[in-house]
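S.K.: First the structure, then my questions, so here it is.
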Amino acid sequence: MGSIAIYPGSFDPVTNGHLDIVERASRVFDRVIMAVIVNPNKAGFFPLTERRQLLCQVTAHLTNVEIDAFSGLLVDYARQQGARAVVKGLRSPADCEAELQMARLNHMMAPEVETFLMASQPGWVHVSSSFVREIARLGGDISSLVAPSVLTSIQSKLKAMREEK
Ligand code: PNS
């Protein structure tokens, strides 16, 4: 069995920063599973199915990347998938603090699952899903921050939201 890494996140929506991390991780691990967290208490901007669809579209060129969703503990999901690695992107010292805490707690719960914290490339350190959503909602240009399919989906979602009001 080859090496399997889980790349977990909300991916609401997937950004070029996420894409950079998964492209690089896919060159190191035999399989990378991008796993969308299912939070029944939080609707999010895009529903789970659309987040997954967008992830499938933007990773279509990466043959060893799969898209899935999970609920519950990340380490339980990793064990279920037979994964020994969790991959995360680090943009800033603030990310670092939170990710170190999660990596240590996950290690406490599942010592056989290692967390690999990958440094985001300088071009993407300022990109987050929440700011992408906010900039788009306020009419700013996000075309350099997300893939074209994500841009189109955000624009149609915002249009539908405006029409609902
Ligand atoms: O994209 P996000 O929202 O920063 O991703 C956060 C995520 C999904 C990676 C994190 O919340 C997580 O791992 N949730 C699963 C629940 C869990 O295992 N919690 C204990 C963490 S120590």
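The values are calculated or read from the model by the stated rules, or taken from the named source; none is laboratory data. Worth saying up front: this structure is predicted, and the values here are computed from it rather than measured. Counting neighbours? That spans all protein chains shown, and the Cβs are built from the backbone with ideal geometry, glycine included. When the accessible area is computed, the model is the full protein with side chains, heavy atoms only, and any ligands, DNA or RNA have been set aside. Shrake-Rupley method; radii C 1.70, N 1.55, O 1.52, S 1.80 Å.
S.K.: What is the angle, in °, between the Cα long axis of helix 93-109 and the longest principal axis of the Cα atoms in the chain? Nearest 10 is fine, range 0 to 90.
M.R.: 40
S.K.: Shifting gears a bit: Hey, got a sec? Which GluC sites (Glu not before Pro) in the range 104-165 land in a DSSP loop and have at most 15 other Cβ atoms within 10 Å?
M.R.: Answer in residue order: E112.
S.K.: If you don't mind, there's one more thing I want to ask. What does the accessible area per residue of the range 7-165 come to in Å², with a 1.4 Å probe and no ligands, DNA or RNA counted?
M.R.: 55
S.K.: Follow-up. What shape does the range 55-165 have by the C-alpha gyration tensor, where a ≥ b ≥ c are the square roots of the eigenvalues, rounded means a/c under 1.5, and otherwise prolate means a/b greater than b/c and oblate the rest?
M.R.: Prolate, since a/c reaches 1.5 and a/b exceeds b/c.
S.K.: Next question. Net charge near A5: determine it from the other residues with C-beta under 14 Å of the C-beta of A5, scoring Lys and Arg +1 and Asp and Glu -1.
M.R.: 0
S.K.: Along each of its three principal axes, how wide is the spread of alpha-carbon positions in the range 1-130, in whole angstrom units, largest first?
M.R.: On the principal axes, the range 1-130 reaches 34, 33, 31 Å in Cα extent.
S.K.: If you place +1 on the Cβ of every Lys and Arg and -1 on the Cβ of every Asp and Glu, how big does the dipole about the Cα centre of the range 1-141 come out, in debye to the nearest 20?
M.R.: For the range 1-141, the charge dipole is close to 80 debye.
S.K.: Want the number for A98 to E163: 0.36 nm per residue separation, take away the alpha-carbon distance, what's left?
M.R.: 19.6 nm
S.K.: Please work out how much length the chain gains when fully extended from M108 to H61, using 0.36 nm per residue of separation minus the C-alpha to C-alpha distance, in nm with one decimal.
M.R.: This chain segment gains 13.4 nm when fully extended.
S.K.: At 0.36 nm per residue, and after removing the present C-alpha to C-alpha distance, how many nm does the segment from Q121 to E50 gain when stretched out fully?
M.R.: Length gained between Q121 and E50: 22.9 nm.
S.K.: How much mean residue ellipticity at 222 nm does the chain get from its helices, if each DSSP H run of length 4 or more adds -39500 (n - 2.57) and you divide by all residues, to the nearest 500 deg cm²/dmol?
M.R.: Result for the chain: -13500 deg cm²/dmol, rounded to the nearest 500.
S.K.: Sticking with this structure for a sec: Under 5 Å between amide H atoms, partner at least 5 residues away or on a different chain: which partners does E66 have, H built in plane at 1.01 Å?
M.R.: For E66, whose amide H was placed from the backbone, the distant partners under 5 Å are V32, I33, M34.
S.K.: Relative contact order for the chain: what percent, with Cα pairs under 8 Å and sequence separation of 6 or more?
M.R.: Computed value for the chain: 27 percent relative contact order.
S.K.: Within the range 30-114, which trypsin sites (Lys or Arg not before Pro) sit in a loop by DSSP and count at most 13 neighbouring Cβ atoms inside 10 Å?
M.R.: Sparse-neighbourhood loop trypsin sites (Lys or Arg not before Pro): K42.
S.K.: What is the angle, in °, between the Cα long axis of helix 148-164 and the longest principal axis of the Cα atoms in the chain? Nearest 10 is fine, range 0 to 90.
M.R.: 50
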